[in-house]
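Participant: After the structure tokens below, expect a handful of questions from me.
Quick note: the coordinates plus some simple rules give every number you see, no bench work behind them. Every value quoted in this text rests on a predicted model; they were computed, and no experiment measured them. Note that each Cβ is placed from the backbone with ideal geometry, even for glycine, and that neighbours are counted across all protein chains shown.
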Amino acid sequence: MEALKDARKQDCVINADWVWVADVDEFLNIHVGDHTIPALIEACGNPQTISLTFQFFANDDVETYIDKSVIEQFTRSHNPDLWCGEAAIEVKSLVRHDFPLQYYGAHRPFFKGKLPGKQRPSWTDGSGRAVPHRFLDAANPRRIRKFPAAGARAFATLNHYALRSLDSYLVKNDRGDVNRENRAFDDTYWRERNDPAWEDISIMRYAADLKQEIANLCKDKVIANLHKTSVKAHIAKRDELLKQPEYQAMQTQLRAASKLPPQEEAMLLDLGLIELDAAQ
């Protein structure tokens, strides 16, 4: 959050036509035109902000970390319009240079307070529809960062690979959360994101170009060596963690965890459609 506060003062941000705020495990998957950001902007009618809805991709029993793009390894997710017990799903936002910015949030920008209606920014979802008024105003004590996902992905989706391999998840757990101190990525976090009910391979349209761009980058020996060093460090951290009883127990627990999200499992139990032992 401190970096986002500082970013708005940086020349590269001040002089940018558009600013995209997202994490390194989140990838734009644009469904229109030539599948580029300009095509998305045109499809949405060139608004001042486009907020794109998450789709969480499951681990789907991938255990071992390998040096391969995540979009090729993880192709299953929850129903795109429903996540756990929620019909409203979080977003990340693409922001035009003339947005009346107060500050950048991790999920959406916030505009200056008490703007007259006509001066409020034009703002769409990933289908080019105006975002809900309540979202636009952030009329919520927690500064609302989600809205209903149904119908919001006609032009683009935000693929979120929060789990990846079991190896990588253990390393992620050790690292912790950059925004919330002492947050644990426990069984609940895993289960809420490890719903493999839906197959979505649409992002594979980028796979060939991605491989070529990675190959181009790795022609630079410094970049290639840094990449190899990072891969080795990731594997070494995994090996170090798995020497510890608590991480051995976590690995066993996650392997055995139900692939039903906790909210869905509770509903099915309440309806008598599954037995407790089967759910576990």
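Participant: Going by average Cβ neighbours within 10 Å, how do the peptides 167-176, 200-209 rank, with the highest at the top?
Facilitator: Numbers: 167-176: 18.1, 200-209: 14.5.
The most tightly packed comes first, giving 167-176, 200-209.
Participant: Arg143 to Asp270: extension gain in nm, 0.36 nm per residue of separation minus the Cα-Cα distance? Please list the in-between numbers first.
Facilitator: Numbers: separation 127, 0.36 × 127 = 45.72 nm, distance 3.29 nm.
Separation in residues times 0.36 nm, less the Cα-Cα distance, equals 42.4 nm.
Participant: Also, quick follow-up: Helix 245-256: angle to the longest alpha-carbon principal axis of the chain, degrees 0 to 90, nearest 10?
Facilitator: Computed tilt is about 80 degrees.
Participant: Considering all projection directions equally, how large on average is the shadow of the alpha-carbon convex hull of the stretch 2-279, in square nanometres?
Facilitator: The orientation-averaged projected area of the Cα hull of the stretch 2-279 comes to 17.1 nm².
Participant: Separate question: Sorted from fewest to most neighbouring beta carbons within 10 Å, what does the list Trp198, Trp83 look like?
Facilitator: On the way: Trp198 16, Trp83 24.
Going from least to most buried by this count: Trp198, Trp83.
Participant: To the nearest 500 deg cm²/dmol, what mean residue ellipticity at 222 nm is calculated for the chain from DSSP H runs of n ≥ 4 alone, each contributing -39,500 (n - 2.57), summed and divided by the residues? Before the final figure, lay out each step's value.
Facilitator: Details: 12 runs with 100 residues, N = 280.
Result for the chain: -10000 deg cm²/dmol, rounded to the nearest 500.
Participant: For a quick check: sort Glu2, Glu199, Glu192 by the number of other beta carbons within 10 angstrom, fewest at the front. If you can, show how the numbers build up before the last one.
Facilitator: Details: Glu2 6, Glu199 10, Glu192 20.
Fewest-to-most Cβ neighbours within 10 Å comes out as Glu2, Glu199, Glu192.
Participant: Could I ask something else about it? So, by mean Cβ neighbours within 10 angstrom, what's the order for 252-259, 51-58 with the highest one leading?
Facilitator: Working: 252-259: 13.8, 51-58: 24.9.
Peptide ranking by packing, descending: 51-58, 252-259.
Participant: How would you rank Cys218, Cys44, Cys12, Cys84, going from fewest to most other Cβ atoms within 10 Å of each one's own Cβ? Numbers along the way, then the final one.
Facilitator: Working: Cys218 14, Cys44 24, Cys12 8, Cys84 17.
In increasing order of surrounding Cβ atoms, one gets Cys12, Cys218, Cys84, Cys44.
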